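FYI, it's all coordinate maths here, none of it is from the lab. Note that this is a predicted model, so its numbers are computed, not measured. Counting neighbours? That spans all protein chains shown, and the Cβs are built from the backbone with ideal geometry, glycine included.
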Amino acid sequence: MKVEVGESLMYSYLCHIKGCQIVQTNWKMSSVWPRYNVTAIENFLEKVRSLYSAKYNYAVFKQTASVAQVLKQCECDVVGVCVGEDKNTYYSVDVAFHEGGLNYKSKEETAAKIVAKMAKAAMCLYGCFNAVDGEIIFCSPKTTPAYLNAIIPCVEDLNTLFKEYGFRFTAKVITNEQFKMTILDPVLEKSKHIADTSELFVRSCQLLKMFYA
């Protein structure tokens, strides 16, 4: 299974910084798993589709897309579960590593694609785990102000929809200096004490430190 460097970094982040006991990269729902809350997810899907079409003229989902199609096609770069005494907290992460800065063509298409990824992730967590608590994260090391100004209002609207539907999910965009401070630097600090050879990002950093300490 191919693992990108960004996915490996986020695997280490969820495991060692967020404390998730269960973490999987390239996560998809199995077709044989039961689906929970299908009617509620159908209503949420239609609300997302209509809101972003009316407010931004964005086609977040194809008009013919059904809940079954959305759940089947959704793939999250990394999913983590933090098991607690009273409740479990779920994390879904999508990461984009574009050296020139985050760019899915135009800034409008980029914002629409990020909203679609986040909304799909929330529907998957709700439909697969019956989960309503957690963080839906989209992160990228670098995003230009123009693109970020298009993305942030759309993510704020998604958080409003979460509240309306009783979800305790929080959609977050982590990029630029925040990406360095909250993800990269803490993982690099923890890498001093990690000996798991499966964590490719951490192992590559350890290799560099052997020669550039």
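Hey, which aspartates and glutamates would be in cross-link range of K113, C-alpha to C-alpha under 14 Å, not counting anything within fewer than 8 residues on its own chain?
Straight-line reach from K113, under 14 Å: E75, D94.
Who wins for biggest fluctuation among V187, V32, V83 in a Gaussian network model of the chain, springs between alpha carbons below 10 Å?
Highest fluctuation of the listed residues: V32.
Based on Cβ point charges of +1 for Lys and Arg and -1 for Asp and Glu, what charge dipole magnitude is obtained for region 78-198 about its Cα centre, in debye rounded to the nearest 20?
With only Lys, Arg, Asp and Glu charged at Cβ, the dipole is about 200 debye.
List the trypsin sites (Lys or Arg not before Pro) in region 100-178 that DSSP assigns to loop (not H, G, I, E or B) and whose Cβ has at most 10 other Cβ atoms within 10 Å. Which are they?
Answer in residue order: K105.
Report the Stokes-Einstein translational diffusion coefficient (µm² s⁻¹, integer) for the chain, Rh taken as the Kirkwood radius over Cα pairs, at 10 °C with viscosity 1.306 mPa s.
The Stokes-Einstein estimate is 89 µm²/s.
Among F179, S12, V67, which residue has its Cα positioned farthest towards the positive end of the charge dipole of the chain, with +1 placed on the Cβ of Lys and Arg, -1 on the Cβ of Asp and Glu, and the dipole taken about the Cα centre?
Sorting the options by dipole projection puts first V67.
Please order T39, T143, T175 by the number of other Cβ within 10 Å, starting at the fewest.
In increasing order of surrounding Cβ atoms, one gets T39, T175, T143.
Once you've got the GNM for the chain with C-alpha springs shorter than 10 Å, pick whichever of H98, H16, H193 has the biggest mean-square fluctuation.
Among H98, H16, H193, the largest GNM mean-square fluctuation belongs to H193.
For the chain, what is the charge dipole size about the Cα centre, in debye to the nearest 20, if Lys and Arg each add +1 at the Cβ and Asp and Glu each add -1 at the Cβ?
Using only the charged Cβ atoms, the result is roughly 320 debye.
Contact order normalised by length for the chain, with contacts defined as Cα pairs under 8 Å and 6 or more residues apart; what percent is it?
24
For D133 paired with E108, estimate the spin-label separation in nm (one decimal), with each label point 7 Å from Cα along the Cα-to-Cβ line.
Using points 7 Å along Cα→Cβ, the separation is 4.1 nm.
Give K117/K190; K18/K55; K72/K172; K72/K190 a once-over and call out the pairs whose C-alpha atoms are over 26 Å from each other.
With Cα atoms farther than 26 Å apart: K117/K190; K18/K55; K72/K190.
Pick from K62, K18, K190: which residue has the top mean-square fluctuation in a GNM of the chain where Cα pairs under 10 Å get a spring?
Fluctuation is largest for K62.
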